[in-house]
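The structure appears below as structure tokens.
The values are calculated or read from the model by the stated rules, or taken from the named source; none is laboratory data. The structure presented is a predicted model; accordingly, all values stated were derived computationally and were not measured. Don't worry about glycine lacking a Cβ; one is built from the backbone with ideal geometry, like all the others, and counts go over all protein chains shown.
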């Protein structure tokens with residue numbers, strides 16, 4: 001079953017139930033209304049001759065309608081990151097995939113202070129062009145039996161591409177990941193079984209749909225017949241906490257950066273309706289977990305995934321939760337840990353590179369056979385992440401392979417340095433560790449923090465009992481606003497550049 005067919009079945013079953021509470025427009029949409037809008041929009045998109053349609057719309061009912069309608073029209077959505085350098089990302093996507101049309105809005109461009117790019121199609125113009133006969137036709141179509149509607153929308157085989165999503169580009173040029181209907185559908189079938197998700201659940205959805213985490217989450221909520229509260233800006237922490245309380249959200253997914261904001265802006269009792277808090281995309285530290293447990297008596301569960309795996313590979317659950325780990329491998333997925341140089345599979349509790357195989361693993365990178373062949377071997381996707389599987393079957397993520405640096409002949413884990421540094425910093429300080437070039441040693445480790453109200457000499461001295469001297473940050477640089485990606489991940493490339501510049505100025 002294609003994703004749009006799955007939505008069709010759910011929409012017909014759910015009818016007048018509220019599907020989306022869109023906080024950007026302060027408007028509610030029932031499943032009936034979403035279906036009508038998708039069928040109406042499908043006819044408009046079908047007129048564009050290209051196979052690929054760019055979508056650059058913030059998390060909202062409009063974004064969901066655009067994605068579903070694009071698939072109904074036998075087109076493939078290409079999700080475009082607007083969080084940073086939106087115009088550049090549009091041009092890059094157009095060049096990489098070879099298309100022109102991008103669905104977006106003038107309001108978004110104004111907010112981003114970005115100029116239009118050739119090929120942009122504005123939602124405001126589409127809305128003003130919709131006539132009453134067009135609306136009535138979509139309304140009539142939505143009321144006929146499912147079997148008849150299916151004849152009016154596209155449906156093919158499960159291996160066809162359902163979406164192209166670009167990797168974050170936090171380490172190098174973004175790659176265009178092709179995910180099939182079968183890839184996403186595996187998540188939609190598996191996750192509800194693990195977490196007993198039902199139509200009674202209310203999802204908070206503020207993750208950007210240009211990121212695989214947010215893209216799959218919106219499909220998860222709609223396929224389950226649940227309601228969804230959307231916020232276009234995940235940084236509106238107080239408003240989001242208010243929505244959780246007002247609408248009785250039961251499931252909240254997010255990144256650690258966003259969860260820090262919710263924790264600080266919430267009061268005891270605000271999260272009493274929540275069944276699950278699930279974090280991904282970055283490491284959850286001890287202070288954050290303990291903060292939610294102390295303030296709200298909720299376990300913040302951690303999972304692991306990648307864009308290339310649609311995304312979830314493993315997750316802790318209330319029944320099986322080992323704090324610090326990223327949980328057990330989900331149904332039908334396989335993980336093995338191999339030696340970084342020899343490729344030899346390693347036994348339990350030995351750290352190496354994480355390889356993943358299973359129904360959620362991507363088709364490959366668009367128009368990049370070299371990179372696909374490099375990362376996909378005999379069905380196994382080489383994640384570039386380091387980790388281990390313990391004796392109990394829990395996966396432990398130890399950081400990116402590229403977040404290991406060789407200094408003085410030793411391999412140093414920057415994630416490990418961060419774990420030790422965390423113990424000696426106040427709870428509310430955001431920080432990260434990067435390596436910068438050093439003429440004598442090749443590389444040197446430095447730390448970036450959001451405040452200078454810290455005794456750096458004391459911290460360095462305390463860290464000596466847990467780390468070799470070459471692993472202790474040589475400098476502490478204050479960066480009040482540590483750069484993050486749209487997903488909430490730390491943008492290590494930009495942090496490293498900032499640290500290099502500070503270093504040069506000091507010299």
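Annotations for the structure displayed:
- Scanning region 450-477 for residues that are touching a strand residue (DSSP E or B) at 6+ places or on another chain (Cβ under 8 Å) and exposed (fewer than 13 other Cβ atoms within 10 Å of the Cβ) yields 452, 468.
- Just one of (1) touching a strand residue (DSSP E or B) at 6+ places or on another chain (Cβ under 8 Å); (2) in a loop (DSSP other than H, G, I, E, B); (3) farther than 20 Å from residue 77 by Cβ fails for residue 57. It is (3).
- Test: residue in region 408-419 that is loosely packed, with under 14 Cβ neighbours inside 10 Å and in a loop (DSSP other than H, G, I, E, B): yes
- Count of residues meeting criterion [part of a loop (DSSP other than H, G, I, E, B) and touching a residue at least 24 places away in the same chain (Cβ under 8 Å)] in region 321-345: 9
- Lone unmet requirement of (1) touching a helix residue (DSSP H, G or I) at 6+ places or on another chain (Cβ under 8 Å); (2) surrounded by fewer than 22 Cβ atoms within 10 Å (Cβ to Cβ); (3) touching a residue at least 60 places away in the same chain (Cβ under 8 Å) for residue 35: (2)
- Residues that are assigned to a strand (DSSP E or B), modelled with pLDDT of 90 or more and surrounded by fewer than 19 Cβ atoms within 10 Å (Cβ to Cβ), drawn from region 378-395: 380, 382
- Residues located in region 233-251, provided they are at pLDDT below 95 and under 24 Å from residue 304 (Cα atoms): 233, 234, 235, 237
- Residue 398 vs. criteria part of a helix (DSSP H, G or I) and in contact (Cβ under 8 Å) with a residue 12 or more places away in the chain: no
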